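A short worksheet on the structure shown next.
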Amino acid sequence: MKYLFKKEQLKFGFNMSQYVFRIGEIESMSGISARQLRYWESKGIIMPLEREDEQSGRIYPFKMFIRIMMIKTYLDQGNTLKNAVIRVDETQNFMRPTHDILSSAFHGLVYEEDMVYIDLGDFDTDGNQRLLAYQKKSGENQKVSYQIVDKEDLEESDE
């Protein structure tokens, strides 16, 4: 078994703070008008980033884009703006710890014979065994299986 990527190698791609969007980009990606976005901003529902450069246009972080899309989803389901915001806040409150746990648990991607495994870290207290998760068949609703491997059986990637 060989590492495709270790956590440190994947940090750049998963660093959501690097993804920012101008208000026009948010408008075209979400279908929500810039006018509506500015209204939500005036109500404190969403917040643009503070600009450190000389530009004055609004930019929003990736996390705010997710919030905007969640609000839109609830609005499209017939919720009022107030109820949509309440539901998004509730959802984000339990998603934060879920994200933190998954981020801490993920240690890398391991490859062997056309199968990709997720390294979930040490299985034993001595750090000699790793817990790997995988799916025999790809898909959102497919069963996740687990395998315990000796740490010494995992090879470092060539990168």
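This table checks each residue for (1) open to solvent by 50 Å² or more (accessible area, probe 1.4 Å); (2) closer than 29 Å to Ser33 by Cβ; (3) over 19 Å from the mean Cα position of the chain (by Cα).
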site: Ile68; (1), (2), (3): no, yes, no
site: Ile71; (1), (2), (3): no, yes, no
site: Gly78; (1), (2), (3): yes, yes, yes
site: Leu81; (1), (2), (3): no, yes, yes
site: Ile86; (1), (2), (3): yes, yes, yes
site: Phe94; (1), (2), (3): yes, no, no
site: Asp100; (1), (2), (3): yes, no, no
site: Gly108; (1), (2), (3): no, no, no
site: Tyr111; (1), (2), (3): yes, no, yes
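In the list Leu154, Leu131, Leu75, Leu120, which residue meets the criterion of being at pLDDT below 90 and among the hydrophobic types (A, V, I, L, M, F, W, C)? Full working, then the answer.
Working: Leu131 fails: at pLDDT below 90; Leu75 fails: at pLDDT below 90; Leu120 fails: at pLDDT below 90.
So the residue among Leu154, Leu131, Leu75, Leu120 that is at pLDDT below 90 and among the hydrophobic types (A, V, I, L, M, F, W, C) is Leu154.
Against the definition (touching a strand residue (DSSP E or B) at 6+ places or on another chain (Cβ under 8 Å), within 24 Å of Val20 (Cα to Cα), surrounded by fewer than 17 Cβ atoms within 10 Å (Cβ to Cβ) and without any contact (Cβ under 8 Å) to a residue 60 or more places away in the chain), how does Gly57 come out, yes or no?
The answer is yes for Gly57.
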- Task: Considering only the range 133-159, state which residues are in a loop (DSSP other than H, G, I, E, B), open to solvent by 60 Å² or more (accessible area, probe 1.4 Å) and without any contact (Cβ under 8 Å) to a residue 60 or more places away in the chain.
- Result: Lys136, Lys137, Ser138, Glu140, Asn141, Gln142, Lys143, Val144, Asp158
- Residue list for the range 34-48, filter: within 25 Å of the chain's Cα centre (by Cα) and either open to solvent by 70 Å² or more (accessible area, probe 1.4 Å) or of a type in the set (Ser, Thr, Tyr) (or both): Met47
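One line per residue, one yes/no per condition, for (1) closer than 23 Å to Ser103 by Cβ; (2) not basic (Lys, Arg):
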| site | (1), (2) |
| --- | --- |
| Tyr117 | yes, yes |
| Asp122 | yes, yes |
| Thr125 | yes, yes |
| Arg130 | yes, no |
| Asn141 | no, yes |
| Val144 | yes, yes |
| Val149 | yes, yes |
| Leu154 | yes, yes |
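Looking only at helices (runs of 4 or more DSSP H) that lie completely in the range 29-132, which have at least 3 residues being over 23 Å from Lys7 (Cβ atoms) and aliphatic (A, V, I, L, M)?
Values: elements: 34-42, 62-76, 81-105.
Those helices (runs of 4 or more DSSP H) span 62-76, 81-105.
The values are calculated or read from the model by the stated rules, or taken from the named source; none is laboratory data. Just so it is clear, the model here is predicted, and its values are computed rather than measured. Please note: Cβ atoms are built from the backbone with ideal geometry, for glycine as well, and neighbour counts cover all protein chains shown. Each accessible area value is taken on the protein alone, full model and side chains, heavy atoms only, with ligands, DNA and RNA left out. Shrake-Rupley method; radii C 1.70, N 1.55, O 1.52, S 1.80 Å.
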